[in-house]
Amino acid sequence: NKGNYEHYMQKEIHEQPESLTTTMRGRLIRGGSCKAKTVLLGGLKDHLKTIRRSRRIVFIGCGTSYNAALAARPILEELSGIPVTMEIASDLLDRQGPIYREDTAVFVSQSGETADTLRALEYALENGALCVGITNTVGSAIARNTHCGVHINAGAEIGVASTKAYTSQIVVMAMLALAIGSDAISSQIRREAIIDGLFELPSKVREALKLDREMKDLAKLLMAEQSLLVFGRGYNYATALEGALKVKEVALMHSEGILAGEMKHGPLALVDENLPIFVIATHDVCFSKQQSVIQQLNARKGRLIVMCSRGDASSVNVGGSCRVIEVPQVEDCLQPVINIVPLQLLAYHLTVQRGYNVDQPRNLAKSVTTE
Ligand code: UD1
Ligand code: F6R
């Protein structure tokens with residue numbers, strides 16, 4: 001049931017304030033005057049000790065689920081102090097990469113049925129790792145075959161392009177980081193700030209959704225383009241990859257997410273006055289580096305669209321020639337949840353304007369059950 005929406009993807013983008021609320025329901029505890037704020041993940045509470053003792057945490061997934069894990073990686077590293085590595089499921093299998101008994105392998109999958117991820121799970125089980133699932137589908141193969149896990153509870157996702165599952169996955173993995181780190185006194189203030197950030201996230205996402213009109217106008221401007229680059233770094237490297245994935249898979253426009261730190265190592269050669277470049281430059285520790293990236297792109301007459309935190313427009317648009325999109329600011333590690341929203345809206349409107357099928361992009365299936 002699409003309700004008042006024309007497409008499932010559109011509905012699922014707009015229902016993110018509600019899906020995020022459901023994801024967090026019963027799992028965040030805001031303490032009274034003396035009680036600290038904490039996270040409770042029922043599916044993991046008996047396994048946290050083992051996870052904390054592991055030598056490494058390995059995230060394994062495909063497509064959007066991989067990107068969600070990438071977005072959560074920095075906060076998991078920060079709060080757990082455990083090395084976190086990333087594996088695309090098919091690549092892990094192609095390489096038969098090392099997985100050890102001392103590893104915690106975290107399998108991220110909306111459907112819980114993706115063949116590559118499932119094969120990687122079998123492989124990690126054979127190698128003796130603790131296997132944790134992060135899935136949206138109760139009773140799915142990944143939920144059944146992992147040792148423990150967390151359901152993201154985002155509700156059924158019908159559009160082939162994953163949107164609300166992505167933001168709920170990030171939130172669950174941020175909560176995973178909080179749960180693993182919950183015994184460290186040194187990070188208590190940071191953890192409480194993140195929990196406060198989680199509480200205000202649904203309303204901030206609702207604010208970001210008000211950019212719908214602006215993104216529709218931007219889509220009109222870009223609809224005839226061949227290509228769109230998306231630059232991000234730090235917490236928002238994943239946002240760049242995921243934004244580009246949405247644009248390519250539904251709007252059928254070439255798009256590439258680029259790690260801004262790699263700009264001078266190749267991508268800079270592409271910059272001219274025609275190619276549109278979307279730069280994510282919201283306020284965090286990487287902000288000044290991202291400002292200098294913008295300056296260098298401007299110096300080469302790049303056609304820039306810059307996403308920044310509300311109030312930062314004048315400090316990102318120094319030359320005065322870029323188009324600026326301002327988004328609400330949240331705790332840095334949760335900012336990817338906000339920043340993907342305008343890019344989801346852009347991909348959606350580009351698809352409608354280019355006349356393509358929004359909910360069933362050509363050649364794609366919602367659940368990829370073959371390798
Ligand atoms: C559970 C109930 C929820 C109830 C809540 C009340 C289920 C599915 N969930 O939620 O309805 O409101 O208790 O306390 O009945 N699991 C895996 N792999 C995965 C995902 C989950 O093994 O990929 C396991 C978990 O370890 C756990 C169980 O499935 O044993 C349920 O997980 P989850 O729904 O996340 O647990 P709760 O949030 O506690
Ligand atoms: C992109 C998309 C795919 C899936 C990928 C993994 O919008 O939907 O990239 O994310 O096929 O699917 P799950 O999460 O079901 O394992």
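Every number here is computed from the coordinates shown, using simple stated rules; none is lab data. Everything numeric in this text was worked out from a predicted model, so none of it was measured. Glycine also receives a Cβ, built like all others from the backbone with ideal geometry; neighbour counts cover every protein chain displayed.
Among Phe287, Phe199, Phe59, the order by Cβ neighbours within 10 angstrom, fewest to most, reads Phe199, Phe287, Phe59.
Within the listed set Pro83, Pro328, Pro336, the Gaussian network model of the chain (springs between alpha-carbon atoms below 10 Å) gives the highest mean-square fluctuation for Pro83. What share of the DSSP beta bridges in the stretch 1-157 is antiparallel, in percent to the nearest 5? In the stretch 1-157, approximately 10 percent of DSSP beta bridges are antiparallel ones.
Just rank Met253, Met223, Met307, fewest to most, by other beta-carbon atoms within 10 angstrom. Write out the running numbers ahead of the final one.
Working: Met253 21, Met223 16, Met307 27.
Taking fewest neighbouring Cβ atoms as first place, the list is Met223, Met253, Met307.
Here the 3J(HN,Hα) profile of the stretch 345-351, calculated from phi with Karplus coefficients 6.51, -1.76 and 1.60 at θ = phi - 60°, is 5, 4, 4, 4, 5, 4, 5 Hz, Gly and Pro shown as x. Taking the charge dipole of the stretch 281-327 about its Cα centre, with +1 at Lys and Arg Cβ atoms and -1 at Asp and Glu Cβ atoms, the residue from Val324, Ala299, Thr282 reaching farthest to the positive side is Ala299. Each residue of the stretch 133-145 is assigned a 3J(HN,Hα), and the resulting list reads x, 10, 10, 9, 10, 5, x, 5, 4, 5, 4, 6, 9 Hz, derived from the Karplus form 6.51 cos²θ - 1.76 cosθ + 1.60 (θ = phi - 60°), x at Gly and Pro. Taking amide hydrogens as placed 1.01 Å from N in the peptide plane, the amide H of Val324 sits under 5 Å from those of Val306, each at least 5 positions away in sequence or on another chain.
Loop only by DSSP, 16 or fewer other Cβ within 10 Å of the Cβ. Give me the trypsin sites (Lys or Arg not before Pro) in the stretch 43-151 that pass, ordered by residue number.
The qualifying sites are Lys45, Arg55, Arg101.
If I take all pairs of Cα atoms in the chain, what percentage of them are more than 41 Å from each other? Please report the intermediate quantities before stating the final value.
Details: 6283 of 68635 pairs.
Here the tail beyond 41 Å accounts for 9 percent of pairs.
The amide H of Leu28, built 1.01 Å from its N in the peptide plane, has Leu40 as neighbours under 5 Å, considering only residues 5 or more places off or on other chains. Scalar couplings 3J(HN,Hα) for the stretch 306-317, obtained by applying the Karplus form with A = 6.51, B = -1.76, C = 1.60 to θ = phi - 60°, are 10, 9, 9, 6, 3, x, 9, 3, 6, 7, 9, 9 Hz; x denotes Gly and Pro.
In whole Å and largest first, what semi-axes does the C-alpha gyration tensor of the stretch 47-175 yield when each eigenvalue is scaled by 5 and square-rooted? Mind dumping the intermediate values first?
Working: eigenvalues 84, 54, 36 Å².
Here the semi-axes work out to 21, 16, 13 Å.
Starting from the Cα gyration tensor of the stretch 8-116, take the square roots of the eigenvalues, sort them a ≥ b ≥ c, and report rounded, prolate or oblate (rounded when a/c is under 1.5, otherwise prolate if a/b is larger than b/c, else oblate). Could the numbers behind the result be given before it?
Values: a/c = 2.34, a/b = 1.18, b/c = 1.99.
Oblate shape, in that a/c is at least 1.5 and b/c is the bigger or equal ratio.
Rounded to the nearest 20 debye, the dipole size of the chain about its Cα centre is 500 debye, using +1 on the Cβ of Lys and Arg and -1 on the Cβ of Asp and Glu.
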